[in-house]
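Below is one structure, written out as structure tokens; the observations come after it.
The values are calculated or read from the model by the stated rules, or taken from the named source; none is laboratory data. Computed from a predicted structure; not experimentally measured. Counting neighbours? That spans all protein chains shown, and the Cβs are built from the backbone with ideal geometry, glycine included. The area values use the complete protein model at the heavy-atom level, side chains included, leaving out ligands, DNA and RNA. Shrake-Rupley method; radii C 1.70, N 1.55, O 1.52, S 1.80 Å.
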Amino acid sequence: MVIDARLHLWNTERLHYGWLQRPENAAINRTFRFADFRSRAAQAGVDRAVLVQADDSAADTEAMFEVASAHPEIAGVVAWVPLDRPDEAAARLDRLRARPGFAGIRNLIHDQPDPDWLRPPVGEGLALLEQRGIPFDVISVLPRHLSHVPVLSERYPALRMVLDHLSHPPLGEQDPAQWRALITAAARNPLVFAKVSGLYPPEEAWTVEDLRGVVEFAFELFGPDRLMFGSDWPVAELGGGYAKMRAELSKLFDQLSPAGRDAVLGGTATRFYALGT
């Protein structure tokens, strides 16, 4: 069972996604439906997926649950609640927990003008997740975002977190030293996991060799039992497409033991998000 732990779908005829309006996202500023994913997944040998929020809105969350209810291939939904409005977040979480497939919460932290957004009253919202045993997807685009993770681990010791995109490691000629230090500190908490996803080298004709250093470092740091494969599709269309991302990452996953490979390709996501339980 191969599970894509990082899938997005959106309908631009129905909803407005502000970040899609940026010039660099022009090629994906259109509707992507489940059928578009299913055809690619079948060719890539992917069985199921975790659908992850693409907008901080209740409308986006509702749209995801509509897809999940119609397609059993969606193993779980990572939704949105307003963590900075704890009372509202609590009410929404109570309703979400009653919905089949609810798997976790994410907020578009990187779109907040304040890189220190993860603080009170957001902390009260994170405490709600900890108390309810709900996982939190962490977007850490800036080093400052990643530096918050060890602090959150101390404040909310039972909160399970997963770092999207290995916390955006530098690729190409950039120096990875700062990223290595920050993600090493974050990984000291055994409840911090990471997604091997969204890794787009600057070279258009990139290959597995452009990813090898950061992914192998993640293998050593987290181990397969705390790593999960994610396509980041349809954003992956900007980096070569679904098939290329799956094929190049598979060359690295194939270095693992059979048990380790199975964990990264589905077992870790199933356990972290409590899929199918």
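Among 69, 167, the order of accessible area from largest down is 69, 167, computed with a 1.4 Å probe on protein heavy atoms.
What residues have an amide H closer than 5 Å to that of residue 273, excluding those fewer than 5 places away on the same chain, when H is modeled at 1.01 Å from N in the peptide plane? Answer set, sorted by chain and number: none. Which entry in (i) 23; (ii) 35; (iii) 29 matches percent of Cα pairs over 30 Å apart derived from the coordinates of this structure? Among (i) 23; (ii) 35; (iii) 29, the one calculated here is (i).
Can you tell me the FRET efficiency between residue 174 and residue 33 if r is taken as the Cβ-Cβ distance and R0 is 25 Å, rounded to the nearest 0.05? Could the numbers behind the result be given before it?
Working: r = 35 Å, r/R0 = 1.42.
After rounding, the FRET efficiency stands at 0.10.
Label sites at residue 251 and residue 71, each approximated as a point 7 angstrom past Cα along Cα to Cβ, lie 2.9 nm apart. Positive-end ranking of 159, 118, 59 along the dipole of region 34-176, with charges on Cβ about the Cα centre, is headed by 159. Per atom type, region 87-166 shows carbon and sulfur on 51% of its accessible surface, probed at 1.4 Å. Sequentially through region 18-29, phi angles give Karplus couplings (6.51, -1.76, 1.60; θ = phi - 60°) of x, 5, 6, 7, 5, x, 5, 9, 4, 5, 10, 7 Hz, Gly and Pro residues having no value and appearing as x. The H on the amide N of residue 6, modeled in the peptide plane, is under 5 Å from the matching H of 50, 231, 232, each at least 5 residues off or on a different chain.
Probe radius 1.4 Å, ligands and nucleic acids ignored: give me the carbon and sulfur share of the accessible area of region 7-62 as a rounded percent.
Numbers: 1210 of 2650 Å².
Carbon and sulfur: 46 percent of the exposed surface of region 7-62.
For residue 207 and residue 116, FRET efficiency with R0 = 45 Å and r from the beta-carbon atoms, rounded to 0.05?
Numbers: r = 37 Å, r/R0 = 0.82.
The calculated FRET efficiency here is 0.75.
May I ask you to evaluate 6.51 cos²θ - 1.76 cosθ + 1.60, the Karplus curve with θ = phi - 60°, for each residue of region 210-223 and list the ³J(HN,Hα) values in order in whole Hz, giving x for glycine and proline? Values, residue by residue: 6, 9, 4, x, 6, 6, 5, 4, 5, 4, 5, 6, 9, x Hz. Taken over the C-alpha atoms, region 10-169 has Rg and Dmax values of 16.0, 45 angstrom. Our coupling estimate for region 8-14, obtained by passing each phi through the Karplus curve with A = 6.51, B = -1.76, C = 1.60 and θ = phi - 60°, is 10, 9, 8, 10, 6, 7, 9 Hz, Gly and Pro reported as x. Work through the residues other than residue 47 whose Cβ is under 14 Å from its Cβ and net out their charges, Lys, Arg +1 and Asp, Glu -1. For residues surrounding residue 47, the net value is +1. Modelled this way, with points 7 Å down the Cα-to-C-beta line, the labels at residue 25 and residue 271 are 3.3 nm from one another.
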